[in-house]
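Data first, discussion second: the structure below is written as structure tokens.
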Amino acid sequence: GRSDKYVDGVSMGSRAVRWDASGTVATELASLSLTSTGVSGAEAWAVNSGGMAVGSAAQYAGDTSMGTRPVRWNAAGAVSELANLGLYNGFTLGGALATNDANTAVGWVQKQGGGGISAGKRAVRWNASGAVTESGNLGINSTMFSKTDTLAFAVNASGTAVGWAEKWSLNGRVWFGNRAVRWDASGTAATELGTLGLSGTNPPRASGIAYAVNDAGTAAGYSQKYDGDGSYVGDRAVIWLPDASAIDLNTLGVVPVPAG
């Protein structure tokens, strides 16, 4: 996780930390870089059974911020930066959010467009050596510098990842919501996961996020729910089966009350 660091009562920023199973002491993980006064920032999001942790850490050029970078820490706490999808004047953003026991990590990085314009957050997968592969999307916003946002939250033992992606259609001019997606280990294409109905608007929309995936390929998260008239009735906890169909967990085992 993370913890604020103080030296003689002065804030040095946040640090990524590890708490071993044998106790409660916080072990500070290495920073990617420090300012001239020793300030930095980092946080660890996940750890695997071999003690490899992943997260994000601040990068500085002297006292100038160069963004937040995706990183991994080995079991000894040493840090290494993971690859990105391009820099603009040395700056970028990103973070690794999950890792499996094969040291495959997933998360997101900012993709650079032309002239320093961001092309959006992109879901990515890093292999054990730290090389990056961009995961597929559900369309590009053609009206805004070819931008789209995707993000991977979790990865299972085989390398299948889940998260969300903006959905664009009609030549990239119309937004259909942020959809829960799955990226199979065998490729980069985004598989759109099912919804619990669509809005009655034009165009019809729905949004959801997959936060976790097990080794059978079943994902869990939430989806907006719409009734038969297209009216929004709230968010629902959902599992998505490997065939991408959505099951509303709130209705399992519930039947209508008989008349009377």
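The values are calculated or read from the model by the stated rules, or taken from the named source; none is laboratory data. All of these numbers come straight from a predicted model, not from anything done at the bench. FYI the Cβ positions are ideal-geometry reconstructions off the backbone, even for glycines, and counts take in every protein chain you see. Note: areas computed on protein heavy atoms with side chains; ligands, DNA, RNA excluded. Shrake-Rupley method; radii C 1.70, N 1.55, O 1.52, S 1.80 Å.
If we scan the stretch 101-111, do we find a residue that is assigned to a loop (DSSP other than H, G, I, E, B), modelled with pLDDT of 95 or more, open to solvent by 30 Å² or more (accessible area, probe 1.4 Å) and within 24 Å of Arg179 (Cα to Cα)?
Quick first cut of the stretch 101-111, residues assigned to a loop (DSSP other than H, G, I, E, B) only: 101-104.
Pick out the ones that are also modelled with pLDDT of 95 or more and you get 101-104.
If we keep only those that are open to solvent by 30 Å² or more (accessible area, probe 1.4 Å) as well, we get 101-103.
Subsequent filtering for residues that are within 24 Å of Arg179 (Cα to Cα) retains none.
No, the stretch 101-111 has no match at all.
Number of residues in the stretch 33-68 that are hydrophobic (A, V, I, L, M, F, W, C) and either free of Cβ contacts under 8 Å to residues at least 12 places away in the same chain or open to solvent by 40 Å² or more (accessible area, probe 1.4 Å) (or both) equals 5.
Of all the listed residues (Gly55, Gly77, Gly67, Gly13), the sole one being assigned to a loop (DSSP other than H, G, I, E, B) and not acidic (Asp, Glu) is Gly77. Just wondering, is there one or more residues in the stretch 146-164 that are closer than 30 Å to Lys225 by Cβ and modelled with pLDDT under 95? Yes, the conditions are met somewhere in the stretch 146-164. Reported count of residues in the stretch 75-99, each being farther than 19 Å from Arg125 by Cβ and either open to solvent by 50 Å² or more (accessible area, probe 1.4 Å) or of a type in the set (Gly, Ala, Ser) (or both), is 9.
The residue of the stretch 1-10 that is surrounded by the fewest Cβ atoms within 10 Å (Cβ to Cβ), among those that are outside any loop (DSSP other than H, G, I, E, B) and touching a residue at least 12 places away in the same chain (Cβ under 8 Å), is Val7. The residue that is farthest from Tyr88 (Cα to Cα), counting only those in the stretch 118-147 that are hydrophobic (A, V, I, L, M, F, W, C) and open to solvent by 70 Å² or more (accessible area, probe 1.4 Å), is Met144. Exactly one residue out of Thr143, Thr92 is assigned to a strand (DSSP E or B), over 14 Å from the mean Cα position of the chain (by Cα) and at negative phi: that is Thr92.
Take Thr150 and tell me if it is open to solvent by 60 Å² or more (accessible area, probe 1.4 Å), closer than 24 Å to Val47 by Cα, under 17 Å from the mean Cα position of the chain (by Cα) and among the β-branched types (Val, Ile, Thr). Answer is no for this residue. Only strands (runs of 3 or more DSSP E) whose full extent lies in the stretch 154-260 are considered here, and the ones with at least 2 residues that are without any contact (Cβ under 8 Å) to a residue 60 or more places away in the chain and loosely packed, with under 15 Cβ neighbours inside 10 Å are 232-240. Being farther than 25 Å from Trp19 by Cβ, without any contact (Cβ under 8 Å) to a residue 24 or more places away in the chain and out of contact with any Leu (no Cβ under 9 Å at 6 or more places or on another chain) holds for only one residue in Gly115, Gly120, Gly86, Gly90, and it is Gly115. The set of residues from the stretch 1-34 being touching a Ser or Thr at 6+ places or on another chain (Cβ under 8 Å) and on the phi > 0 side of the Ramachandran plot comprises just one member, Gly13. Taking the condition over 21 Å from Val10 (Cα atoms), among the β-branched types (Val, Ile, Thr) and in a loop (DSSP other than H, G, I, E, B), does Thr24 pass? Yes, satisfied.
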